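Data first, discussion second: the structure below is written as C-alpha coordinates.
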Amino acid sequence: MQIVPSSLLALAAVLALMVMGPYRALWVFLATTPFAAAAAFNLPAAGGASILVSDLAAMALFAATALSAGGLALMAGTARPFQPGFWMLALALFAIFATLMFPSLFRGQTEVFSIARINNESGIVSVPLKPSTGNLTQLFRIMLGVIAFFALATVFRVRPDGRMVLGAMTVVTAVHVALGWLDVVSFAAGLSQLLEPIRSANYAILFDHRMVGLKRMIGGFPEASSFGYFSLGLTAFWLHYWISAPMSRRAPWMLALVGIVLLRSTSSAAYVSLVLFLATYALVMLALSLRARVGRRGAAIAAAGAVAVWAAAMAIFLAYHMVEPVTAFLDRALFDKLDGASGVERMSWNAQAFVNFRETWFLGAGLGSVRASNWLMAVLASLGVIGAALFAAFFATLARAPLPKDDLRGPVVGALKAAAGAFLISAMLTASTPDLGVIFFAVCGLIAGLSRGAQLESRPN
(Lines give C-alpha, C1' and ligand atoms only; values in the text may rest on other atoms or scores of the structure.)
Protein backbone atom coordinates (compact mmCIF):
# COMPACT_ATOMS: atom_id res chain seq x y z
CA MET A 1 0.00 0.00 0.00
CA GLN A 2 1.37 3.39 -1.02
CA ILE A 3 0.62 6.39 1.19
CA VAL A 4 0.30 9.72 -0.63
CA PRO A 5 -0.21 13.36 0.48
CA SER A 6 -4.00 13.13 0.04
CA SER A 7 -4.05 10.21 2.51
CA LEU A 8 -4.27 12.89 5.22
CA LEU A 9 -7.44 14.25 3.62
CA ALA A 10 -8.93 10.75 3.60
CA LEU A 11 -7.99 10.21 7.24
CA ALA A 12 -9.60 13.51 8.23
CA ALA A 13 -12.80 12.64 6.38
CA VAL A 14 -13.02 9.17 7.94
CA LEU A 15 -12.43 10.53 11.46
CA ALA A 16 -15.09 13.22 10.95
CA LEU A 17 -17.63 10.66 9.73
CA MET A 18 -16.97 8.29 12.63
CA VAL A 19 -16.97 11.02 15.31
CA MET A 20 -19.79 13.22 14.00
CA GLY A 21 -21.90 10.38 12.62
CA PRO A 22 -23.36 9.99 9.12
CA TYR A 23 -26.15 12.52 9.70
CA ARG A 24 -24.17 15.54 10.89
CA ALA A 25 -21.19 14.68 8.67
CA LEU A 26 -23.17 14.48 5.42
CA TRP A 27 -21.42 17.63 4.24
CA VAL A 28 -18.04 16.02 4.94
CA PHE A 29 -18.87 13.00 2.80
CA LEU A 30 -20.24 15.04 -0.10
CA ALA A 31 -17.28 17.43 0.09
CA THR A 32 -14.93 14.53 -0.71
CA THR A 33 -16.64 13.74 -4.01
CA PRO A 34 -15.10 16.60 -6.08
CA PHE A 35 -11.64 15.24 -5.14
CA ALA A 36 -11.95 12.61 -7.86
CA ALA A 37 -8.21 12.43 -8.57
CA ALA A 38 -7.14 12.27 -4.91
CA ALA A 39 -6.10 8.84 -3.68
CA ALA A 40 -6.52 7.71 -0.10
CA PHE A 41 -3.78 5.24 -1.02
CA ASN A 42 -2.51 3.38 -4.07
CA LEU A 43 -2.07 -0.35 -4.46
CA PRO A 44 1.05 -1.15 -6.53
CA ALA A 45 0.51 -4.89 -5.99
CA ALA A 46 -2.93 -4.61 -7.64
CA GLY A 47 -1.65 -3.10 -10.87
CA GLY A 48 -1.42 0.40 -9.45
CA ALA A 49 -5.15 0.63 -8.59
CA SER A 50 -6.16 3.66 -6.52
CA ILE A 51 -8.58 3.84 -3.61
CA LEU A 52 -9.91 7.39 -3.73
CA VAL A 53 -10.62 9.70 -0.82
CA SER A 54 -14.35 9.53 -1.66
CA ASP A 55 -14.15 5.71 -1.79
CA LEU A 56 -12.84 5.55 1.77
CA ALA A 57 -15.40 8.16 2.84
CA ALA A 58 -18.23 6.04 1.38
CA MET A 59 -17.00 3.00 3.32
CA ALA A 60 -16.77 5.08 6.52
CA LEU A 61 -20.28 6.43 5.92
CA PHE A 62 -21.65 2.92 5.60
CA ALA A 63 -19.72 1.69 8.65
CA ALA A 64 -20.90 4.60 10.77
CA THR A 65 -24.51 3.90 9.76
CA ALA A 66 -24.24 0.15 10.34
CA LEU A 67 -22.58 0.59 13.75
CA SER A 68 -25.17 3.05 15.04
CA ALA A 69 -27.93 1.79 17.32
CA GLY A 70 -30.12 -0.56 15.27
CA GLY A 71 -28.25 0.44 12.13
CA LEU A 72 -28.32 -2.91 10.34
CA ALA A 73 -32.02 -3.42 11.07
CA LEU A 74 -32.79 0.06 9.79
CA MET A 75 -30.83 -0.59 6.60
CA ALA A 76 -32.78 -3.80 6.12
CA GLY A 77 -35.91 -1.65 6.29
CA THR A 78 -34.54 0.45 3.42
CA ALA A 79 -34.80 -2.68 1.24
CA ARG A 80 -38.54 -2.94 1.87
CA PRO A 81 -40.17 -4.74 -1.11
CA PHE A 82 -40.73 -2.60 -4.20
CA GLN A 83 -39.15 0.51 -2.67
CA PRO A 84 -36.00 1.92 -4.36
CA GLY A 85 -33.79 0.08 -1.87
CA PHE A 86 -35.34 -3.26 -2.86
CA TRP A 87 -34.40 -2.77 -6.51
CA MET A 88 -30.98 -1.44 -5.53
CA LEU A 89 -30.31 -4.57 -3.46
CA ALA A 90 -31.55 -6.84 -6.26
CA LEU A 91 -29.31 -5.02 -8.74
CA ALA A 92 -26.29 -5.33 -6.44
CA LEU A 93 -26.81 -9.07 -5.93
CA PHE A 94 -27.25 -9.66 -9.65
CA ALA A 95 -24.17 -7.56 -10.45
CA ILE A 96 -22.10 -9.65 -8.04
CA PHE A 97 -23.38 -12.91 -9.57
CA ALA A 98 -22.94 -11.72 -13.16
CA THR A 99 -19.44 -10.36 -12.58
CA LEU A 100 -18.18 -13.47 -10.82
CA MET A 101 -19.82 -15.99 -13.16
CA PHE A 102 -20.37 -14.63 -16.67
CA PRO A 103 -16.74 -13.91 -17.70
CA SER A 104 -15.99 -17.59 -17.07
CA LEU A 105 -19.28 -18.87 -18.48
CA PHE A 106 -18.81 -17.02 -21.79
CA ARG A 107 -15.01 -17.21 -21.82
CA GLY A 108 -13.63 -16.86 -25.35
CA GLN A 109 -17.09 -16.67 -26.95
CA THR A 110 -16.91 -12.97 -27.80
CA GLU A 111 -14.31 -10.24 -28.37
CA VAL A 112 -14.47 -7.31 -25.96
CA PHE A 113 -12.92 -3.87 -25.71
CA SER A 114 -11.36 -3.87 -22.28
CA ILE A 115 -9.01 -1.70 -20.22
CA ALA A 116 -5.41 -2.86 -20.06
CA ARG A 117 -3.11 -1.31 -17.46
CA ILE A 118 0.62 -1.36 -18.18
CA ASN A 119 3.08 0.70 -16.11
CA ASN A 120 0.16 2.51 -14.45
CA GLU A 121 -1.16 3.69 -17.84
CA SER A 122 -4.52 2.54 -19.17
CA GLY A 123 -5.24 1.60 -22.75
CA ILE A 124 -8.17 0.07 -24.62
CA VAL A 125 -7.49 -3.26 -26.29
CA SER A 126 -9.63 -5.87 -28.05
CA VAL A 127 -9.29 -9.30 -26.42
CA PRO A 128 -11.33 -12.51 -26.11
CA LEU A 129 -13.61 -12.39 -23.08
CA LYS A 130 -12.04 -13.84 -19.94
CA PRO A 131 -11.98 -13.09 -16.20
CA SER A 132 -9.68 -10.19 -15.26
CA THR A 133 -8.85 -7.88 -12.39
CA GLY A 134 -11.04 -5.29 -14.13
CA ASN A 135 -14.08 -7.36 -13.15
CA LEU A 136 -13.31 -6.98 -9.45
CA THR A 137 -12.30 -3.33 -9.81
CA GLN A 138 -15.56 -2.33 -11.51
CA LEU A 139 -17.61 -4.44 -9.09
CA PHE A 140 -15.91 -2.65 -6.21
CA ARG A 141 -16.65 0.74 -7.74
CA ILE A 142 -20.36 0.12 -8.20
CA MET A 143 -20.63 -1.43 -4.72
CA LEU A 144 -19.33 1.85 -3.29
CA GLY A 145 -22.35 3.53 -4.82
CA VAL A 146 -24.64 0.85 -3.41
CA ILE A 147 -23.40 1.25 0.16
CA ALA A 148 -23.56 5.05 -0.10
CA PHE A 149 -27.17 4.73 -1.28
CA PHE A 150 -28.19 2.45 1.59
CA ALA A 151 -26.43 4.54 4.23
CA LEU A 152 -27.99 7.84 3.16
CA ALA A 153 -31.43 6.39 2.39
CA THR A 154 -31.46 4.90 5.90
CA VAL A 155 -30.13 7.91 7.80
CA PHE A 156 -32.48 10.39 6.13
CA ARG A 157 -35.49 8.10 6.37
CA VAL A 158 -35.04 8.20 10.13
CA ARG A 159 -34.24 11.94 10.23
CA PRO A 160 -35.64 13.53 7.07
CA ASP A 161 -34.06 16.97 7.46
CA GLY A 162 -34.02 18.92 4.20
CA ARG A 163 -32.01 21.72 5.76
CA MET A 164 -29.08 19.39 6.41
CA VAL A 165 -29.14 18.21 2.78
CA LEU A 166 -29.34 21.75 1.44
CA GLY A 167 -26.36 22.77 3.56
CA ALA A 168 -24.33 19.80 2.34
CA MET A 169 -25.16 20.56 -1.30
CA THR A 170 -24.00 24.14 -0.70
CA VAL A 171 -20.68 22.89 0.66
CA VAL A 172 -20.02 20.46 -2.19
CA THR A 173 -20.87 23.15 -4.75
CA ALA A 174 -18.49 25.62 -3.10
CA VAL A 175 -15.68 23.05 -2.97
CA HIS A 176 -16.20 22.02 -6.59
CA VAL A 177 -16.27 25.60 -7.89
CA ALA A 178 -13.23 26.58 -5.79
CA LEU A 179 -11.21 23.63 -7.11
CA GLY A 180 -12.18 24.52 -10.68
CA TRP A 181 -10.94 28.10 -10.45
CA LEU A 182 -7.86 27.11 -8.44
CA ASP A 183 -6.97 24.75 -11.28
CA VAL A 184 -7.22 27.50 -13.91
CA VAL A 185 -5.59 30.28 -11.89
CA SER A 186 -2.68 28.15 -10.66
CA PHE A 187 -1.99 26.95 -14.22
CA ALA A 188 -2.04 30.52 -15.54
CA ALA A 189 0.41 31.54 -12.82
CA GLY A 190 2.74 28.63 -13.60
CA LEU A 191 1.97 27.00 -10.24
CA SER A 192 0.19 23.81 -11.31
CA GLN A 193 2.20 21.93 -8.69
CA LEU A 194 -0.07 23.44 -6.04
CA LEU A 195 -2.71 20.85 -6.90
CA GLU A 196 -0.34 17.88 -7.11
CA PRO A 197 -1.17 16.74 -3.54
CA ILE A 198 -4.78 16.13 -4.61
CA ARG A 199 -3.81 14.60 -7.97
CA SER A 200 -2.28 11.51 -6.44
CA ALA A 201 -4.39 8.74 -8.01
CA ASN A 202 -2.82 6.56 -10.70
CA TYR A 203 -4.85 8.19 -13.45
CA ALA A 204 -3.78 10.20 -16.47
CA ILE A 205 -4.34 13.78 -15.25
CA LEU A 206 -5.05 16.00 -18.26
CA PHE A 207 -4.33 19.27 -16.48
CA ASP A 208 -2.53 21.00 -19.34
CA HIS A 209 -4.94 20.41 -22.23
CA ARG A 210 -6.24 23.42 -24.13
CA MET A 211 -9.11 24.11 -26.47
CA VAL A 212 -8.72 27.03 -28.91
CA GLY A 213 -6.31 28.67 -26.50
CA LEU A 214 -8.36 28.11 -23.33
CA LYS A 215 -6.97 25.91 -20.59
CA ARG A 216 -9.57 23.18 -19.95
CA MET A 217 -10.95 23.35 -16.41
CA ILE A 218 -10.71 20.04 -14.54
CA GLY A 219 -10.70 21.08 -10.88
CA GLY A 220 -10.28 18.01 -8.70
CA PHE A 221 -11.02 15.60 -11.57
CA PRO A 222 -8.67 13.82 -13.99
CA GLU A 223 -10.10 15.51 -17.09
CA ALA A 224 -12.66 18.02 -18.34
CA SER A 225 -15.53 15.66 -19.22
CA SER A 226 -15.79 14.21 -15.69
CA PHE A 227 -15.57 17.75 -14.28
CA GLY A 228 -18.42 18.74 -16.62
CA TYR A 229 -20.47 15.69 -15.57
CA PHE A 230 -20.25 16.69 -11.92
CA SER A 231 -20.96 20.35 -12.73
CA LEU A 232 -24.08 19.44 -14.70
CA GLY A 233 -25.62 17.55 -11.79
CA LEU A 234 -25.04 20.47 -9.43
CA THR A 235 -26.40 22.93 -12.00
CA ALA A 236 -29.57 20.87 -12.32
CA PHE A 237 -29.98 20.78 -8.54
CA TRP A 238 -29.71 24.53 -8.07
CA LEU A 239 -31.81 25.34 -11.14
CA HIS A 240 -34.76 23.33 -9.81
CA TYR A 241 -34.31 24.58 -6.26
CA TRP A 242 -34.23 28.20 -7.46
CA ILE A 243 -37.47 27.71 -9.39
CA SER A 244 -39.22 25.75 -6.61
CA ALA A 245 -38.05 27.94 -3.71
CA PRO A 246 -38.17 31.47 -5.14
CA MET A 247 -37.47 33.08 -1.76
CA SER A 248 -34.10 31.37 -1.41
CA ARG A 249 -31.20 33.81 -1.47
CA ARG A 250 -28.47 31.21 -1.90
CA ALA A 251 -29.99 29.36 -4.89
CA PRO A 252 -29.34 32.01 -7.59
CA TRP A 253 -25.77 32.51 -6.38
CA MET A 254 -25.04 28.79 -6.31
CA LEU A 255 -26.64 28.35 -9.73
CA ALA A 256 -24.56 31.17 -11.20
CA LEU A 257 -21.30 29.90 -9.69
CA VAL A 258 -21.68 26.30 -10.83
CA GLY A 259 -23.22 27.24 -14.18
CA ILE A 260 -20.18 29.38 -15.02
CA VAL A 261 -17.71 26.57 -14.29
CA LEU A 262 -19.86 24.17 -16.31
CA LEU A 263 -19.51 26.45 -19.34
CA ARG A 264 -15.83 27.07 -18.58
CA SER A 265 -15.07 23.34 -18.52
CA THR A 266 -14.98 23.28 -22.36
CA SER A 267 -16.43 19.77 -22.22
CA SER A 268 -18.45 19.03 -25.36
CA ALA A 269 -20.24 16.19 -23.56
CA ALA A 270 -21.29 18.61 -20.82
CA TYR A 271 -22.58 21.15 -23.37
CA VAL A 272 -24.68 18.61 -25.23
CA SER A 273 -25.91 17.10 -21.96
CA LEU A 274 -26.90 20.55 -20.70
CA VAL A 275 -29.02 21.21 -23.79
CA LEU A 276 -30.69 17.79 -23.53
CA PHE A 277 -31.29 18.24 -19.81
CA LEU A 278 -32.87 21.68 -20.25
CA ALA A 279 -35.16 20.37 -23.00
CA THR A 280 -36.14 17.32 -20.94
CA TYR A 281 -36.61 19.39 -17.80
CA ALA A 282 -38.89 21.85 -19.59
CA LEU A 283 -41.04 19.03 -20.97
CA VAL A 284 -41.30 17.29 -17.60
CA MET A 285 -42.24 20.48 -15.80
CA LEU A 286 -44.91 21.20 -18.40
CA ALA A 287 -46.26 17.67 -18.06
CA LEU A 288 -46.47 18.11 -14.28
CA SER A 289 -48.49 21.31 -14.66
CA LEU A 290 -45.82 23.81 -13.80
CA ARG A 291 -48.21 26.61 -12.87
CA ALA A 292 -50.04 24.53 -10.31
CA ARG A 293 -46.83 23.33 -8.67
CA VAL A 294 -44.58 26.37 -8.52
CA GLY A 295 -46.87 29.30 -9.14
CA ARG A 296 -46.75 32.19 -11.55
CA ARG A 297 -43.14 33.04 -10.89
CA GLY A 298 -42.01 29.55 -11.84
CA ALA A 299 -44.07 29.65 -15.02
CA ALA A 300 -42.64 33.05 -15.89
CA ILE A 301 -39.10 31.78 -15.34
CA ALA A 302 -39.78 28.74 -17.53
CA ALA A 303 -41.21 30.91 -20.30
CA ALA A 304 -38.31 33.36 -20.04
CA GLY A 305 -35.89 30.44 -20.06
CA ALA A 306 -37.43 29.04 -23.25
CA VAL A 307 -37.11 32.43 -24.94
CA ALA A 308 -33.53 32.77 -23.66
CA VAL A 309 -32.59 29.34 -25.00
CA TRP A 310 -34.07 30.23 -28.40
CA ALA A 311 -32.27 33.59 -28.44
CA ALA A 312 -29.00 32.00 -27.36
CA ALA A 313 -29.32 29.35 -30.07
CA MET A 314 -29.83 32.05 -32.70
CA ALA A 315 -26.91 34.08 -31.36
CA ILE A 316 -24.62 31.04 -31.43
CA PHE A 317 -25.76 30.18 -34.96
CA LEU A 318 -24.98 33.66 -36.20
CA ALA A 319 -21.66 33.81 -34.33
CA TYR A 320 -20.65 30.44 -35.74
CA HIS A 321 -21.01 31.73 -39.27
CA MET A 322 -19.62 35.24 -38.69
CA VAL A 323 -17.00 35.17 -35.89
CA GLU A 324 -13.87 33.09 -36.57
CA PRO A 325 -12.90 32.34 -32.91
CA VAL A 326 -16.43 31.11 -32.21
CA THR A 327 -16.33 28.94 -35.34
CA ALA A 328 -13.02 27.39 -34.28
CA PHE A 329 -14.22 26.76 -30.71
CA LEU A 330 -17.51 25.11 -31.68
CA ASP A 331 -15.84 23.00 -34.38
CA ARG A 332 -13.31 21.74 -31.86
CA ALA A 333 -15.75 21.26 -28.97
CA LEU A 334 -18.75 19.82 -30.81
CA PHE A 335 -18.99 19.41 -34.55
CA ASP A 336 -15.66 17.71 -35.27
CA LYS A 337 -15.96 15.22 -32.40
CA LEU A 338 -17.72 12.38 -34.16
CA ASP A 339 -15.66 12.76 -37.34
CA GLY A 340 -12.38 12.61 -35.43
CA ALA A 341 -10.42 9.51 -34.49
CA SER A 342 -11.80 9.64 -30.93
CA GLY A 343 -15.40 9.77 -32.13
CA VAL A 344 -14.92 6.89 -34.56
CA GLU A 345 -13.23 4.83 -31.84
CA ARG A 346 -16.04 5.43 -29.37
CA MET A 347 -18.68 4.44 -31.89
CA SER A 348 -16.76 1.20 -32.48
CA TRP A 349 -16.89 0.52 -28.72
CA ASN A 350 -20.68 0.79 -28.78
CA ALA A 351 -20.99 -1.40 -31.85
CA GLN A 352 -18.84 -4.10 -30.26
CA ALA A 353 -20.72 -3.77 -26.95
CA PHE A 354 -23.94 -4.60 -28.77
CA VAL A 355 -22.23 -7.62 -30.32
CA ASN A 356 -21.15 -8.69 -26.82
CA PHE A 357 -24.74 -8.31 -25.64
CA ARG A 358 -25.98 -10.65 -28.37
CA GLU A 359 -23.15 -13.16 -28.07
CA THR A 360 -23.66 -13.57 -24.32
CA TRP A 361 -27.29 -14.60 -24.84
CA PHE A 362 -28.48 -11.14 -23.69
CA LEU A 363 -27.13 -11.82 -20.18
CA GLY A 364 -24.03 -9.61 -20.38
CA ALA A 365 -20.35 -10.28 -19.84
CA GLY A 366 -20.09 -8.98 -16.27
CA LEU A 367 -18.88 -5.66 -14.89
CA GLY A 368 -15.40 -4.68 -16.02
CA SER A 369 -15.42 -6.99 -19.05
CA VAL A 370 -16.70 -4.50 -21.62
CA ARG A 371 -16.07 -0.85 -22.44
CA ALA A 372 -18.65 1.22 -24.30
CA SER A 373 -19.27 4.92 -24.86
CA ASN A 374 -22.92 5.01 -23.86
CA TRP A 375 -24.35 4.07 -20.48
CA LEU A 376 -27.24 2.00 -21.84
CA MET A 377 -24.94 0.00 -24.10
CA ALA A 378 -22.51 -0.49 -21.22
CA VAL A 379 -25.34 -1.86 -19.03
CA LEU A 380 -26.66 -4.20 -21.71
CA ALA A 381 -23.19 -5.51 -22.56
CA SER A 382 -22.18 -5.91 -18.91
CA LEU A 383 -25.40 -6.91 -17.09
CA GLY A 384 -27.73 -7.80 -19.94
CA VAL A 385 -31.49 -7.50 -20.03
CA ILE A 386 -31.87 -8.42 -16.35
CA GLY A 387 -29.49 -5.71 -15.17
CA ALA A 388 -31.11 -3.11 -17.44
CA ALA A 389 -34.57 -4.06 -16.11
CA LEU A 390 -33.41 -3.74 -12.49
CA PHE A 391 -31.87 -0.34 -13.19
CA ALA A 392 -35.14 0.73 -14.87
CA ALA A 393 -37.20 -0.40 -11.86
CA PHE A 394 -34.85 1.48 -9.52
CA PHE A 395 -35.12 4.69 -11.56
CA ALA A 396 -38.90 4.37 -11.87
CA THR A 397 -39.46 4.04 -8.12
CA LEU A 398 -37.20 7.03 -7.46
CA ALA A 399 -39.01 9.11 -10.07
CA ARG A 400 -42.34 8.27 -8.45
CA ALA A 401 -41.12 9.01 -4.91
CA PRO A 402 -43.61 11.56 -3.51
CA LEU A 403 -42.44 15.11 -2.95
CA PRO A 404 -42.86 16.14 0.72
CA LYS A 405 -45.51 18.81 1.09
CA ASP A 406 -43.56 21.24 3.26
CA ASP A 407 -41.80 24.28 1.82
CA LEU A 408 -38.24 23.03 2.31
CA ARG A 409 -38.12 19.27 1.80
CA GLY A 410 -40.36 19.33 -1.27
CA PRO A 411 -38.06 21.61 -3.30
CA VAL A 412 -34.96 19.77 -2.03
CA VAL A 413 -36.28 16.36 -3.11
CA GLY A 414 -37.35 17.80 -6.47
CA ALA A 415 -33.90 19.34 -6.93
CA LEU A 416 -32.23 16.03 -6.09
CA LYS A 417 -34.40 14.32 -8.71
CA ALA A 418 -33.34 16.93 -11.27
CA ALA A 419 -29.67 16.31 -10.40
CA ALA A 420 -30.08 12.55 -10.75
CA GLY A 421 -31.78 13.03 -14.11
CA ALA A 422 -29.00 15.29 -15.33
CA PHE A 423 -26.34 12.76 -14.32
CA LEU A 424 -28.22 10.03 -16.16
CA ILE A 425 -28.64 12.10 -19.32
CA SER A 426 -24.93 12.87 -19.35
CA ALA A 427 -24.04 9.22 -18.77
CA MET A 428 -26.23 8.18 -21.68
CA LEU A 429 -23.88 10.12 -23.95
CA THR A 430 -20.45 9.15 -22.65
CA ALA A 431 -20.35 6.66 -19.76
CA SER A 432 -18.11 3.70 -20.50
CA THR A 433 -19.33 1.45 -17.65
CA PRO A 434 -22.61 0.94 -15.75
CA ASP A 435 -21.20 2.77 -12.72
CA LEU A 436 -22.73 6.24 -12.48
CA GLY A 437 -20.45 7.37 -9.67
CA VAL A 438 -20.73 7.66 -5.90
CA ILE A 439 -22.28 11.13 -6.19
CA PHE A 440 -25.16 9.77 -8.30
CA PHE A 441 -26.01 7.00 -5.85
CA ALA A 442 -25.64 9.40 -2.92
CA VAL A 443 -28.18 11.73 -4.52
CA CYS A 444 -30.52 8.76 -5.07
CA GLY A 445 -30.14 7.73 -1.45
CA LEU A 446 -31.09 11.22 -0.29
CA ILE A 447 -34.18 11.18 -2.55
CA ALA A 448 -35.33 7.84 -1.17
CA GLY A 449 -34.59 8.75 2.44
CA LEU A 450 -36.15 12.22 2.51
CA SER A 451 -39.26 11.17 0.58
CA ARG A 452 -39.92 8.05 2.63
CA GLY A 453 -39.10 9.78 5.90
CA ALA A 454 -41.55 12.59 5.20
CA GLN A 455 -44.22 10.03 4.34
CA LEU A 456 -43.70 8.21 7.63
CA GLU A 457 -43.82 11.48 9.58
CA SER A 458 -47.18 12.40 8.02
CA ARG A 459 -48.83 9.16 9.07
CA PRO A 460 -51.14 9.38 12.07
CA ASN A 461 -49.73 7.70 15.19
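The values are calculated or read from the model by the stated rules, or taken from the named source; none is laboratory data. This is a predicted model, so every value here is computed, not measured. Quick reminder, even Gly has a Cβ in these numbers, built from the backbone with ideal geometry, and neighbours come from all protein chains shown. Heads up: the accessible areas ignore ligands, DNA and RNA and are worked out on the full protein's heavy atoms, side chains in. Shrake-Rupley method; radii C 1.70, N 1.55, O 1.52, S 1.80 Å.
Restricting attention to the stretch 80-119, the residues that are over 21 Å from Asn356 (Cβ atoms) and either modelled with pLDDT of 95 or more or touching a Phe, Trp or Tyr at 6+ places or on another chain (Cβ under 7 Å) (or both) total 10. Within the stretch 346-398, the set of residues being in a loop (DSSP other than H, G, I, E, B), within 23 Å of Arg107 (Cα to Cα) and open to solvent by 30 Å² or more (accessible area, probe 1.4 Å) comprises Trp361, Phe362, Leu363, Arg371. Taken together, the criteria exclude Thr170 from residues that are touching a residue at least 24 places away in the same chain (Cβ under 8 Å) and buried (at least 24 other Cβ atoms within 10 Å of the Cβ). Residues of the stretch 80-115 that are surrounded by 21 or more Cβ atoms within 10 Å (Cβ to Cβ), among the hydrophobic types (A, V, I, L, M, F, W, C) and part of a strand (DSSP E or B): Val112, Phe113. Restricted to the stretch 209-235, and to residues there that are open to solvent by 10 Å² or more (accessible area, probe 1.4 Å) and in a helix (DSSP H, G or I), the residue that is nearest to Ala415 (Cα to Cα) is Thr235. Looking at this structure, is Phe29 open to solvent by 60 Å² or more (accessible area, probe 1.4 Å) and either touching a helix residue (DSSP H, G or I) at 6+ places or on another chain (Cβ under 9 Å) or free of Cβ contacts under 8 Å to residues at least 12 places away in the same chain (or both)? In short, no.
Among the residues of the stretch 48-79, those that are in a loop (DSSP other than H, G, I, E, B) and either open to solvent by 40 Å² or more (accessible area, probe 1.4 Å) or modelled with pLDDT of 95 or more (or both) comprise Ser68, Ala69, Gly70. Here Leu403 fulfils each of the conditions (1) open to solvent by 40 Å² or more (accessible area, probe 1.4 Å); (2) under 21 Å from Pro81 (Cβ atoms) apart from (2).
Condition check: assigned to a loop (DSSP other than H, G, I, E, B), surrounded by fewer than 24 Cβ atoms within 10 Å (Cβ to Cβ) and of a type in the set (A, V, I, L, M). Does Leu206 satisfy that? When the stated conditions are applied, Leu206 passes them. Let me confirm something: among Ala40, Ala73, Ala79, which residue is touching an Asp or Glu at 6+ places or on another chain (Cβ under 9 Å) and among the aliphatic types (A, V, I, L, M)? Among Ala40, Ala73, Ala79, only Ala40 is touching an Asp or Glu at 6+ places or on another chain (Cβ under 9 Å) and among the aliphatic types (A, V, I, L, M).
Of the residues in the stretch 408-423, at least one is modelled with pLDDT of 95 or more, open to solvent by less than 10 Å² (accessible area, probe 1.4 Å), in contact with a Phe, Trp or Tyr (Cβ under 9 Å, 6 or more places away or on another chain) and within 21 Å of Phe82 (Cβ to Cβ).
Test of understanding: among Gln138, Gln193, which residue is at pLDDT below 90, polar (S, T, N, Q) and assigned to a helix (DSSP H, G or I)? The conditions single out Gln193. Selection of the stretch 249-270 for residues being outside any loop (DSSP other than H, G, I, E, B), out of contact with any His (no Cβ under 8 Å at 6 or more places or on another chain) and under 15 Å from His176 (Cα atoms) yields Trp253, Met254, Leu255, Ala256, Leu257, Gly259, Ile260, Leu262, Leu263, Arg264. For the stretch 332-353, the criterion of being closer than 24 Å to Phe94 by Cα and either at pLDDT 90 or above or of a type in the set (A, V, I, L, M) (or both) is met by at least one residue.
Within the stretch 83-109, the set of residues being over 14 Å from Arg157 (Cα atoms) and touching a helix residue (DSSP H, G or I) at 6+ places or on another chain (Cβ under 7 Å) comprises Trp87, Met88, Ala90, Leu91, Ala92, Phe94, Ala95, Ile96, Ala98, Thr99, Pro103, Gln109.
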